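Chemist: My questions all concern the structure below.
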Amino acid sequence: MKDEISREERVDNLKGMGCSRKRVEDARFTQGKGNYVDDVKLDGMLFGDFVRSPYAHANIKSINTEAALKVPGVLAVLTAADLEPLGLHWMPTLAGDKQMVLADGKVLFQGQEVAYVVAEDRYAAADGIEAVEVEYEELQVLVNPFEALKSDVILRPDTVDENGKAVDGAHGPRNHPNHIFTWEAGDKDPTEEVIANADVVAEEEMYYHRTHPCPLETCGCVASMDKVNGKLTLWGTFQAPHAIRTIVSLISGIEEHNIRVISPDIGGGFGNKVGAYPGYVCSVVASIVTGKPVKWIEDRMDNLMTTAFARDYWMKGKISATPEGKITGLHCHVTADHGGFDACADPTKFPAGFMNICTGSYDIPTAYLAVDGVYTNKAPGGVSYRCSFRVTEAVYFIERMIEVLAIKLDMDAAELRRINFIKKEQFPYKAALGWEYDSGDYHTAWDKALKAVDYDGLRAEQAQRVEDFKAGKTRKLMGVGLSFFTEIVGAGPVKNCDILGLGMFDSCEIRIHPTGSAIARLGTISQGQGHATTFAQILATEIGLSADSITIEEGDTDTAPYGLGTYGSRSTPVAGAATAMAGRKIRAKAQMIAAYLLEVHDNDVEFDVDRFVVKGAPERFKTMKEIAFAAYNQAIPGIEPGLEAVSYYDPPNMTYPFGAYVCVMDIDVDTGVTEIRRFYALDDCGTRINPMVIEGQVHGGLTEALAVALGQEIAYDDMGNVKTGTLMDFFLPTAWEVPNYETDYTVTPSPHHPIGAKGVGESPHVGGVPCFSNAVQDAFRAFGNTHTNMPHDHWRIWKTANELGLHD
Amino acid sequence: MIPAAFDYYRPKDMEAVLSILAEHGDDARVMAGGHSLIPMMKLRMADVPHLIDLQDVPDLSDIVVSADSIKIGAMVTQADLIDHAGLTKAAPILREAALQIADPQVRYMGTIGGNVANGDPGNDMPGLMQCLDATFHLVGPDGARDVAARDFYEAAYMTDREDDEVLTGVTIPTPQGGYAYEKQKRKIGDYATAAAAVQIVKDGDTCTFASVAMTNLSDTPIYSADAVDALVGTKVDDAAIKAAIAAMLDDIDPSEDNRGPVAFKNHVAGVILRRTIERAWSRA
């Protein structure tokens, strides 16, 4: 048979790895044809919504539901008393703590769920909420973790013994009733000794403020209990549908095969949709009680005020160096505000997530980290928000400490980074706080970035600007923000990563159809990442069928193989690896079939783009389409019919993407207004599957980084009232606020990942926040600034300028 | 974000509007674009059992530009203001200010009548109307009456309009000289941290007329007569601008919110006013 088209065309037709294939999801999203949880409409469906606490800390004296039950359309009002006989008034959190489903005698944060009203429609539910009478007795509010650790007020009486003494928690001893855990990494005494004897020590305290992932779609679910067949179907905004199924089974007692969890299209997650919320539990209970489907959908205020927040880390650092700038030691202590319940979404053994990546991209021989978790009267959560488990905090910490050390040394911050980078030949690199970095080439990336932005030119321009400012010629300062980050993603190896005992492997199951198309199902779930596009590309390259002929399906636990879901940039490192491995199983069988059809030995054929060819005789081949048909329809001795494969992938290590970012910013010292003149982002995520999707991820992550650095926060007043509960005050950038981003890359494949990919979704956020922040801080360096806390909104920048005497 | 039940009315003429208002008193509210009232209802912060939609009431959407005055109907949207060439020529400050209100989607629905009648100190049009010395036209059970914009605002959400009256439009004398509307905000769609509106007339190199108003720096929009006095008769040099800023700062009374503390707001108010004066003067 004569080959009709060139090899190059065959590669193009495949739309495999490395091509900017257009996103197959976008046709439906851009036409309003997505199917989100609120689009799920079932016959007889009821609506549930919460009575929420207006107080941050109060005893509940009484709840009177009589008037609410008289509201037309209201069918039931659930309280903790109703859930207690079922053992569902509390539920386990992902962090080994427990959390009230409905207020059990007291409330611990503003917006806490107090009662659940079930009604025939949303309007009746809202009217019912208004009619529920709750009598509160206000208690002293603790919104500051340092005060909480000194206070006599016991926030969680369920965590102390009869003498009021804290009992041990899920992560060991607790030293105060409001203390949750102490977690340590590294070597305390040697680190303290190195720092005590060092020539140069820089110290800084920084607060990484509380913020919120704020996905455009809020959280919600539809629970439908079929009392005839005993099967519960639960649609919802779940970033980890299988984990939700297991948790629901464990806490409800319904056998796992009788639970079907479906994540439909999800409008952004960013960590906010990993955990289990009272809304899910109450909706399931309400459906069981009423025998009807029950829908619960948060509004924006519910989402911002009560579902999983991010950050809220008070970090205290010391970094030591030689006079030449070689770092010798790093010490970090964190006071972590976890709110009223410890509902952090972290692997079980890591109550402070991967904060111990805080030595960053630098060869730091000695380091120590301690984190104290604290209860306060704030909402629970502590999710990643576009970072793998506290990596944003870790990278912010080290990238600020580097800047502070540069100031102490009176040294250029780019040069200080350069002389401390882990060298290419040091990989795999064992960091002082325990992680083994898989691969990296930091110097190459850094040099490329600095050259791209003409770093020396920027510094010269900045110096001139300072002169002009001092001469009264301008009121605008110029900041050059640098960051070099190392991410740790792809959780993770089952040997050290599990959530509630569920190992953090992931999976892919592939079925090739006889005509040479395919469906692949994964344990992950896209929330906008474009899995249907990119996973098909991995498979296309691995199995030689066009990506356009491969359907990717996720999110239905009745059909998809078990996996731990999508967060922490784990989909490509873990499920992407499973996809490649499953594809290779397909290819191995295809090779045997091809050899049989070509009447040669198995080892005499080799894979070439979309076919197996006889070695040395490329005109003799069988395409994967032909092989697929034969697999089903031709009796081949010794080979079962069919062409399917499944792979469960337990990664041997995490992956370590990295990048170099530079931000150039002008700051009006009189108004605090910032203008981002330039933002350059170089990402190294290993093998690049789809450059266009990567660019989109970088744009999105940088925009969320800009938000966090420049104004986005969940702020509380002293009474525990949320001051930023709507999008008027909670900063969500639009196209107006977002600068043009220049993206760039280097490629350092992961040595242990089947295709060398490392994940990229979180990198721009992790690296972006310190870059934007460093730009602000750098603008004021010439006037004596060492550190100011984020968010750098107008008035805080103005305050910095004011305190530095720039308004005099 | 689910409102309490309400009755919705869409009367065909003003007479019907007034009779519904007369019947239900302060249980009824008229709605123009609805971009302030509906969110308040959805948050259950405004209880409006009877909601009267003005969009079918005729003669409320006209822009009439005459030789010495401009009349704008209450239902004219911000987008209409921006798109009206004759208006832009006669009073360019209106377009400059309207472009800084919220975002395009809001501007397609939000109206000048709703913006000025609501009494929200964050709204931009009330301050601008102070600057332009507008007259507001009201109609009620006792007929029509006019109120000077500078006499209209009493406190946040409290105005001279009675519950049974409807604001039907505004008239402004055709502005003279240079103009500027400057607004500092945290992001698109935000209310002002500080905003200033200035019209100024230059004769030779001397200021012969000025008007100065500030937005979102008190519980009402602020017309600063003392700032005007500080400018008129001067060459609008640094000393005059400083005097105007000092006078304006005596007139405003900002409060702390998420935009920042009082000291910051006062500082920014001064900076913004200086820039507004300088830009208006450069155009005079």
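Chemist: Residues of the range B:92-106 being assigned to a loop (DSSP other than H, G, I, E, B) and touching a helix residue (DSSP H, G or I) at 6+ places or on another chain (Cβ under 9 Å), which ones? Show your work before the answer.
Modeler: Pass one, the range B:92-106, residues assigned to a loop (DSSP other than H, G, I, E, B): B:99-103.
If the condition is that a residue be assigned to a loop (DSSP other than H, G, I, E, B) and touching a helix residue (DSSP H, G or I) at 6+ places or on another chain (Cβ under 9 Å), then B:Leu99, B:Gln100, B:Ile101, B:Ala102 are the ones that fit.
Chemist: Follow-up question, since we're still on this one. Which residue is least open to solvent (accessible area, probe 1.4 Å), if the candidates are limited to the range A:773-798 and must be out of contact with any Asp or Glu (no Cβ under 7 Å at 6 or more places or on another chain), in a loop (DSSP other than H, G, I, E, B) and within 12 Å of chain B (Cβ to nearest Cβ)?
Modeler: Looking at residues that are out of contact with any Asp or Glu (no Cβ under 7 Å at 6 or more places or on another chain), in a loop (DSSP other than H, G, I, E, B) and within 12 Å of chain B (Cβ to nearest Cβ), I get A:His792.
Chemist: Of the residues B:Leu273, B:Leu167, which single one is in the same structural domain as B:Ala97 (by TED's automatic domain parsing) and outside any loop (DSSP other than H, G, I, E, B)?
Modeler: B:Leu167
Here's the yes/no breakdown for (1) part of a helix (DSSP H, G or I); (2) of a type in the set (Phe, Trp, Tyr); (3) surrounded by 22 or more Cβ atoms within 10 Å (Cβ to Cβ):
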residue	(1), (2), (3)
A:Ile254	no, no, no
A:Arg260	no, no, no
A:Lys273	no, no, yes
A:Val284	yes, no, yes
A:Asp302	yes, no, yes
A:Leu330	no, no, yes
A:Val334	no, no, yes
A:Asp337	no, no, yes
A:Ala345	no, no, yes
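Chemist: Residues being assigned to a loop (DSSP other than H, G, I, E, B), at pLDDT 95 or above and of a type in the set (Gly, Ala, Ser): count how many of those fall in the range A:741-772.
Modeler: 2
Chemist: Within the range A:196-230, restricting attention to residues that are without any contact (Cβ under 8 Å) to a residue 40 or more places away in the chain and outside any loop (DSSP other than H, G, I, E, B), which residue is least open to solvent (accessible area, probe 1.4 Å)?
Modeler: Applying the filter and picking the extreme gives A:Asp226.
Chemist: Kindly provide the set of residues from the range B:236-266 that are touching an Asp or Glu at 6+ places or on another chain (Cβ under 7 Å) and open to solvent by 20 Å² or more (accessible area, probe 1.4 Å), ordered by number.
Modeler: Across the range B:236-266, the qualifying residues are B:Asp250, B:Asp251, B:Asn258, B:Val262.
Chemist: Being in a loop (DSSP other than H, G, I, E, B), touching a strand residue (DSSP E or B) at 6+ places or on another chain (Cβ under 6 Å) and in contact (Cβ under 8 Å) with a residue 40 or more places away in the chain is the requirement here; does A:Leu102 meet it?
Modeler: In short, yes.
Chemist: Another question, then. For A:Val738, are the conditions met, namely being within 22 Å of A:Lys451 (Cβ to Cβ), aliphatic (A, V, I, L, M) and either within 14 Å of chain B (Cβ to nearest Cβ) or part of a loop (DSSP other than H, G, I, E, B) (or both)?
Modeler: no
Chemist: Which one of B:Met125, B:Met109 is under 23 Å from B:Tyr157 (Cα atoms), more than 14 Å from chain A (Cβ to nearest Cβ), at pLDDT 95 or above and buried (at least 22 other Cβ atoms within 10 Å of the Cβ)?
Modeler: Only one candidate qualifies: B:Met125.
Chemist: How do the pairs read when you match residues in the range B:176-197 that are more than 13 Å from chain A (Cβ to nearest Cβ) and closer than 16 Å to B:Met248 by Cα with residues anywhere that are assigned to a strand (DSSP E or B) and open to solvent by 10 Å² or more (accessible area, probe 1.4 Å), using Cβ under 9 Å and keeping only pairs 6 or more apart or on different chains?
Modeler: Sorted first by the residue in the range B:176-197, then by its partner, the pairs are B:Ala197/B:Tyr179; B:Ala197/B:Glu182.
Chemist: Also: Scan A:Ala491, A:Ala520 and give me the residue that is over 30 Å from A:Ala185 (Cα atoms) and not in a helix (DSSP H, G or I).
Modeler: A:Ala520
Chemist: Going through B:Ser211, B:Ser218, B:Ser224 one at a time, which residue ends up being surrounded by fewer than 24 Cβ atoms within 10 Å (Cβ to Cβ), more than 10 Å from chain A (Cβ to nearest Cβ), within 16 Å of the chain's Cα centre (by Cα) and of a type in the set (Gly, Ala, Ser)?
Modeler: Details: B:Ser211 fails: surrounded by fewer than 24 Cβ atoms within 10 Å (Cβ to Cβ); B:Ser224 fails: surrounded by fewer than 24 Cβ atoms within 10 Å (Cβ to Cβ).
Result of the check over B:Ser211, B:Ser218, B:Ser224: B:Ser218.
Chemist: Related question: Given the criteria farther than 21 Å from A:Met504 by Cβ and either surrounded by fewer than 24 Cβ atoms within 10 Å (Cβ to Cβ) or free of Cβ contacts under 8 Å to residues at least 60 places away in the same chain (or both), does A:Ala536 qualify?
Modeler: No; evaluated as a whole, the condition is false for this residue.
Chemist: Determine if the range A:579-595 includes at least one residue that is assigned to a helix (DSSP H, G or I), closer than 30 Å to A:Ser361 by Cβ, touching a residue at least 12 places away in the same chain (Cβ under 8 Å) and touching a helix residue (DSSP H, G or I) at 6+ places or on another chain (Cβ under 8 Å).
Modeler: Checked the range A:579-595: at least one residue is assigned to a helix (DSSP H, G or I), closer than 30 Å to A:Ser361 by Cβ, touching a residue at least 12 places away in the same chain (Cβ under 8 Å) and touching a helix residue (DSSP H, G or I) at 6+ places or on another chain (Cβ under 8 Å).
Chemist: Look through the range A:713-723, keep the residues that are surrounded by 15 or more Cβ atoms within 10 Å (Cβ to Cβ) and closer than 15 Å to A:Asp312 by Cα, and return whichever of them is nearest to the other protein chains (Cβ to nearest Cβ). It would help to see each step written out before you state the result.
Modeler: Residues of the range A:713-723 that are surrounded by 15 or more Cβ atoms within 10 Å (Cβ to Cβ), as a first pass: A:713-716, A:720-722.
Now narrow it down to the ones that are closer than 15 Å to A:Asp312 by Cα: A:713-716, A:720, A:722.
Numbers: A:Glu713: 9, A:Ile714: 12, A:Ala715: 7, A:Tyr716: 12, A:Gly720: 16, A:Val722: 11 Å.
Taking the candidates together, the pick is A:Ala715.
Chemist: Could you identify the single residue in A:Lys615, A:Lys589, A:Lys622 that is open to solvent by 30 Å² or more (accessible area, probe 1.4 Å), more than 30 Å from A:Met504 (Cβ to Cβ) and in contact with an Asp or Glu (Cβ under 9 Å, 6 or more places away or on another chain)?
Modeler: The conditions single out A:Lys615.
Chemist: Ok, one more. Does the range B:271-278 contain any residue that is within 14 Å of another protein chain (Cβ to nearest Cβ), buried (at least 20 other Cβ atoms within 10 Å of the Cβ), closer than 22 Å to B:Pro92 by Cα and of a type in the set (A, V, I, L, M)?
Modeler: Scanning the range B:271-278 turns up at least one residue that is within 14 Å of another protein chain (Cβ to nearest Cβ), buried (at least 20 other Cβ atoms within 10 Å of the Cβ), closer than 22 Å to B:Pro92 by Cα and of a type in the set (A, V, I, L, M).
Chemist: Let me ask something else about it. Out of the residues in the range A:106-123 that are open to solvent by 10 Å² or more (accessible area, probe 1.4 Å) and more than 30 Å from A:Trp314 (Cβ to Cβ), which is farthest from the other protein chains (Cβ to nearest Cβ)?
Modeler: A:Glu120
Chemist: How many of the residues making up the range B:38-52 are over 22 Å from B:Leu18 (Cα atoms) and not hydrophobic (A, V, I, L, M, F, W, C)? Don't jump to the end; show me each part of the working.
Modeler: First, the residues of the range B:38-52 that are over 22 Å from B:Leu18 (Cα atoms): B:39-40, B:42-45.
With not hydrophobic (A, V, I, L, M, F, W, C) added as a condition, the list becomes B:39, B:42, B:44.
Residues that pass the stated criteria total 3.
Chemist: Would you point out the residue of the range B:10-39, among those that are in contact with an Asp or Glu (Cβ under 8 Å, 6 or more places away or on another chain) and more than 26 Å from B:Asn123 (Cα to Cα), that is surrounded by the fewest Cβ atoms within 10 Å (Cβ to Cβ)?
Modeler: So, considering only residues that are in contact with an Asp or Glu (Cβ under 8 Å, 6 or more places away or on another chain) and more than 26 Å from B:Asn123 (Cα to Cα), the one surrounded by the fewest Cβ atoms within 10 Å (Cβ to Cβ) is B:Lys12.
Chemist: Condition first: open to solvent by less than 10 Å² (accessible area, probe 1.4 Å) and farther than 21 Å from A:Cys214 by Cβ. Can you find one or more residues in the range A:740-750 that meet it?
Modeler: Yes, some residue in the range A:740-750 is open to solvent by less than 10 Å² (accessible area, probe 1.4 Å) and farther than 21 Å from A:Cys214 by Cβ.
Chemist: Give the range A:501-517 a look and list any residue that's over 21 Å from A:Ala95 (Cα atoms) and open to solvent by less than 40 Å² (accessible area, probe 1.4 Å), or say none.
Modeler: Residues satisfying the conditions are A:Ser507, A:Cys508, A:Ile510, A:Ile512, A:Gly516, A:Ser517.
Chemist: State which residue pairs qualify: first residue part of a loop (DSSP other than H, G, I, E, B) and inside the range A:435-460, second residue open to solvent by less than 40 Å² (accessible area, probe 1.4 Å) and among the aliphatic types (A, V, I, L, M) in any location, beta carbons under 8 Å apart, and separation of 6 or more residues or different chains.
Modeler: Matching pairs, first to second residue: A:Trp435/A:Ile357; A:Trp435/A:Ile488; A:Trp435/A:Met654; A:Asp438/A:Met654; A:Gly440/A:Ile422; A:Val453/A:Val662; A:Val453/A:Val664.
Chemist: Here's another thing I want to ask about it. For the range B:9-91, give me every one of the helices (runs of 4 or more DSSP H) that falls completely inside it and has 2 or more residues that are of a type in the set (A, V, I, L, M, F, W, C) and touching a helix residue (DSSP H, G or I) at 6+ places or on another chain (Cβ under 8 Å).
Modeler: Passing ranges, in order: B:78-83.
The values are calculated or read from the model by the stated rules, or taken from the named source; none is laboratory data. Nothing here was measured: the structure is a model prediction, and the numbers come from that model. Note: ideal-geometry Cβ built from the backbone for every residue, glycine included; neighbour counts use all protein chains shown. The accessibility values were calculated without ligands, DNA or RNA, using every heavy atom of the protein model including side chains. Shrake-Rupley method; radii C 1.70, N 1.55, O 1.52, S 1.80 Å.
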